[in-house]
1. In the protein assembly as shown, what % of DSSP beta bridges are antiparallel (nearest 5)?
2. On a 0 to 90° scale, report how tilted helix A:245-264 is relative to the longest principal axis of chain A, with both axes built from alpha carbons and the result rounded to the nearest 10.
3. Starting with the fewest neighbours, write out A:294, A:366 ranked by other beta-carbon atoms found within 10 Å of each beta-carbon.
4. Using Cα pairs closer than 8 Å and at least 6 residues apart in sequence, work out the relative contact order for chain A, in percent.
5. In percent, what relative contact order does region A:147-306 have, based on Cα pairs under 8 Å that are 6 or more apart in sequence?
6. Let me have the 222 nm mean residue ellipticity of the protein assembly as shown computed from DSSP H runs of 4+ only, each contributing -39500 (n - 2.57), with the sum over all residues rounded to the nearest 500.
7. What is the order of A:214, A:355, fewest Cβ neighbours within 10 Å to most?
8. Any chance you could give the angle, 0 to 90 degrees and rounded to 10, that helix A:471-481 forms with the longest Cα principal axis of chain A?
């Protein structure tokens, strides 16, 4: 029984006994100016219920008209995913009672998606994995609910809910993979790489800002396990709204461990929706899907069919941007990086950031060094994506320039970045406020050098006697005395000069 | 053979959140069966070369350009709501306790 109390199994152990099968459903809010079926603005973060009209509120008599730009973006996403584009298809009503849609139905697509049968190749550790795409269809997003009462702000235990319909009706593209088999222990990495690649592709098309933290790209992760050697798939769970690339990977890993624990103890996996928790990296049970949902789909009577003209589709194909994988190879050549370094940058989500930092005036090597070094370390410490760090490519470029011009050394530059991340303002402001400029004027530095020589007569004698290498100890003392703010090269020159060996 | 069974009507009523009593189900199942059987006569004239259609007019690709139009004011938007709180629509508890 599923009531058996079992803990999750270790990941390696789980993979020895079971093979995972994945499925990913990704929702992308399109970046159109207006909603899917009405002229309300789609701007994020507006005051509640200020971007609504009779159409998206489902008021009687209101009629939808499809947004041409949303149809074009969807076809472009389909083409970029190597899909076939339907010659003819319709919208459908998905009927359900849930107050996130004021109409009691969502306009979606059912058995006639706009795009179908495609694939996306992703690279993991130098190996290419082909993820097959089942369908790409267009629908409308739902409103946002605040759950009041209960302890956690979750729907469970809430006394009532408050709904903001600003998001209701924003065009939403759903991209569904076919079951992904044979990834074996790389399943979590494949899931992450797929969403990363998809996100870059959609961003390159300009169809969405694909900000996972703002919910404009959301991922549902389906996982099932089958015993090794079996060809019969197990029961899957669906983990909803996994909101960062890192979480996609963690959710897959956590579900593999959890399901293996259940199966190994003789239990059975329940087909259900699960919720991912960012804090613990685990999933918990949501609503059970044991009773099949009956949405009573039927063709949307208020919208006529879409029949994309082949000339139109061909024109959209010519407008597709350079594919992200091709672009990466080009940048790799331009930056002179090894496959390994480039893959590391890709996995860290650093490519766009480094590119933007170079565009803002930093040398390529410096841009890469800061993002992949100090900033990657800080992102990792805080368990956030690089892009979520509160520092812009322009600010990183400025820090790199200050180092290149000799105003900062690397140690001080790290402190400047720390200040920027702490919200202390632009790099120049942080330098000034924290007094971080390198001390290289001979007056101030000379005083420190004199003091250090006086404090270390033995070392000074050795240097006078010709042991120039011993100067390093005195330079270290100068750096310590100035808390790292001295220009080390100039300090060394001054020491040797004072001791008469320059 | 009936076009729709009483059980199917009960199922649809539940999906539609209609609380129908036993007598109402008996009554409506018969009526719906008559209606569906009447409409089903279309099949007698629709040969294989006539595809099913969902729209009466032979129109496709009716789109609008992606432009912003004025929205309702929030006051107007909320004016018809049975309950509001904090500029939002207030709705009853969504999930029952056991869910």
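FYI, it's all coordinate maths here, none of it is from the lab. Since the structure is predicted, the reported quantities are computational estimates derived from the model, not experimental observations. Note that each Cβ is placed from the backbone with ideal geometry, even for glycine, and that neighbours are counted across all protein chains shown.
1. Of all bridge pairs located within the protein assembly as shown, approximately 90 percent are antiparallel.
2. In chain A, helix A:245-264 runs at an angle near 60 degrees to the longest axis.
3. A:294, A:366
4. 15 percent
5. 15 percent
6. -11000 deg cm²/dmol
7. The most exposed by this proxy come first: A:214, A:355.
8. 60 degrees
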